[in-house]
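One structure is given below, encoded as structure tokens.
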Amino acid sequence: MTKRYTYSLVFLILILASLVANLPIITMVLNSFKSNSEIMISNKLLPVHWTLDNYQFVNEKSAFWQQFGNSVYVTAISLVLTIIIGALAGYAISRFRTFISGTFSVLLLLLQMFPIILVLLPLFITFRSLHLNNTLTSVIIIQSAANLPFSVLMFKGFFDTIPKEIEEAAWMDGCSRWITFSKIVLPISGPGIAAVSIFSILFSWNDYLIVNTFVKKESLMTVPVGLQLFMQQNSTEWGSLTAAASLSTLPVLIFLFFVQKYMAYGSAAGSVKG
């Protein structure tokens, strides 16, 4: 009985800690169901008069859904490129141990040390000469490139844990290296793909700096930049702002709810074998 009470107490403490940690998000969602006057006057957490006017305002009088679609498009394309290139590069580094591949691994680690803001100005000048500014293509290229060092090293960590004997057995049965990689190695490393997808999606969906630098057309903006513009245009519409912020947060929360177990697994994957 004592052990059960101890577990119950620990469970209650964790619930309270979780509520406190997520209080800003909870407050934002609840404020989205309040009128502007109630947000400014009331000191209660729960709305006195629940309303959907804020969501109606976002739906009818803003470009939120267009920006939402841009975010989905950019995130999806960046994710596909990151997984394909990262998996191929990670497999090459893991299986072909040469001086060049070892040096490349060190360079990837060094690349992760430099903030992306250092290269934005040269990239802006380069993309301007290529007429790629004010396009989602430039955003996709840069986000994919920013995700690659992390994804390559993580894929390498997963591939290192897969015994080479499995591939050798497939080669003995007549499989080529490409078939072995695509039909055997990749399916086994499914959790690795999930882990890379999680971090890639979070980076691309929440990115503000890259989009704000290379995109100036409102019709091409993604959700983070669109929210900042929405705040400038509707600085007194706190209810509508919290409604737009709640809608932009919802997909990420749903996604994390289903894949959270892979985050801890993926964070430790690179330290299993080097």
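The values are calculated or read from the model by the stated rules, or taken from the named source; none is laboratory data. Predicted model, so just to flag it, every value in this text is computed and none were measured. So basically every Cβ, Gly included, is an ideal-geometry build from the backbone, and we count neighbours across all protein chains shown.
Things worth noting here:
- Apart from one condition, ALA170 fits all of (1) modelled with pLDDT of 85 or more; (2) part of a helix (DSSP H, G or I); the exception is (1).
- Odd one out for ILE25 among (1) touching a Ser or Thr at 6+ places or on another chain (Cβ under 8 Å); (2) surrounded by 11 or more Cβ atoms within 10 Å (Cβ to Cβ); (3) not in a helix (DSSP H, G or I): (3)
- Residues (touching a residue at least 60 places away in the same chain (Cβ under 8 Å) and of a type outside the set (Val, Ile, Thr)) located in segment 104-122: LEU120
- For segment 28-42, a residue qualifies if it is hydrophobic (A, V, I, L, M, F, W, C) and not in a helix (DSSP H, G or I), and exactly one does: PHE33.
- Whether a residue is at pLDDT 85 or above, part of a helix (DSSP H, G or I), over 30 Å from VAL252 (Cβ atoms) and not hydrophobic (A, V, I, L, M, F, W, C) was assessed, and THR126 passes this test.
- Of all the residues in segment 167-221, those that are among the small types (Gly, Ala, Ser) and touching a Leu at 6+ places or on another chain (Cβ under 8 Å) number 3.
- Failed criterion for LEU148 (all others in (1) in contact with a Ser or Thr (Cβ under 7 Å, 6 or more places away or on another chain); (2) of a type outside the set (Ser, Thr, Tyr); (3) part of a helix (DSSP H, G or I); (4) at pLDDT below 85 hold): (4)
- Subset of segment 222-260 that is among the aromatic types (Phe, Trp, Tyr) and buried (at least 18 other Cβ atoms within 10 Å of the Cβ) - its residue that is farthest from ILE39 (Cα to Cα): PHE230
- Residue in segment 109-119 that is in contact with a Leu (Cβ under 6 Å, 6 or more places away or on another chain), surrounded by 14 or more Cβ atoms within 10 Å (Cβ to Cβ) and either under 27 Å from TRP205 (Cα atoms) or not charged (D, E, K, R) (or both) present: no
- Residue in segment 173-201 that is nearest to PHE258 (Cα to Cα), counting only those that are among the charged types (D, E, K, R) and outside any loop (DSSP other than H, G, I, E, B): LYS183
- Across segment 223-274, the qualifying residues are those that are in contact with a helix residue (DSSP H, G or I) (Cβ under 7 Å, 6 or more places away or on another chain) and among the charged types (D, E, K, R), and the one among them that is modelled with the lowest pLDDT is LYS273.
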